[in-house]
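Worksheet: one structure, shown below.
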Amino acid sequence: MSEERTEYGERMKSKAGLGRIWRAFGYSREGLWAAAKHEHAFRQELFLVGPLGVLAVVLPVGWVETALLIASLLGVLIVELLNSAMEACVDYISQERHPLAKRAKDMGSAAVFLAMTAAALVWGAVLGAHWL
């Protein structure tokens, strides 16, 4: 690894203390903003998660069920963020079509699908337990 890259890597590493936490919060905010700005799938999921999150809070269910409903929605967004990050890395490395790049992207898509399936199961179980 070149000395220039090593120096850059060392400068980018966080230091300890509250400043590190504050910078990490900023990086997270920038990541959420980038996903909302550049990732169509993330925006679509936000449009679903927003109203469903409000619904989860107002539903007449216990706090554990509310937490499960919200956590399942956040799980979808988390997996979508990881999928989008992985796709961005694959695209950064090369724009040419390659079987391994396709496999990585398909696996990321499958992970999002499974997170959505899990959320649907949680919502179905909670709503079914109270109203069926």
Ranked from fewest to most other Cβ atoms within 10 Å of their own Cβ, Glu87, Glu96, Glu30, Glu45 fall in the order Glu96, Glu30, Glu87, Glu45
Taking N as the number of residues in the range 68-132, the ratio of its alpha carbon radius of gyration to 2.2 N^0.38 Å works out to 1.44
Highest GNM mean-square fluctuation among Leu18, Leu55, Leu81, for the chain with Cα springs under 10 Å, belongs to Leu18
Here the longest stretch of the chain that holds no trypsin sites (Lys or Arg not before Pro) in a DSSP loop having at most 16 other beta carbon atoms within 10 Å is 16-96
The chain: Kirkwood hydrodynamic radius (Cα pairs, Å) comes out at 17.5 Å
Rounded to the nearest 500, the 222 nm mean residue ellipticity computed for the chain from DSSP H runs (n ≥ 4, each -39500 (n - 2.57)) alone is -30500 deg cm²/dmol
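Test of understanding: ordering Ser109, Ser72 by Cβ neighbours within 10 Å, fewest first, what list do you get?
Ser109, Ser72
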When the chain is treated as a Gaussian network with springs between alpha carbons less than 10 Å apart, the largest mean-square fluctuation among Val64, Val79, Val112 is found at Val64
Once Lys and Arg are counted +1 and Asp and Glu -1 for all other residues with Cβ under 13 Å from that of Met116, the total becomes -2
Expected vector for the range 116-123, Karplus 3J(HN,Hα) from phi with 6.51, -1.76, 1.60 and θ = phi - 60°, integer Hz, x for Gly and Pro, equals 5, 5, 4, 4, 4, 5, 4, 4
In nm, the gap between the two label points placed 7 Å beyond Cα toward Cβ at Ala36 and Ile70 is 1.8 nm
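Each value in this text was obtained by applying a stated rule to the coordinates, not by laboratory testing. The structure displayed is predicted, hence computed values, not measured ones. So basically every Cβ, Gly included, is an ideal-geometry build from the backbone, and we count neighbours across all protein chains shown.
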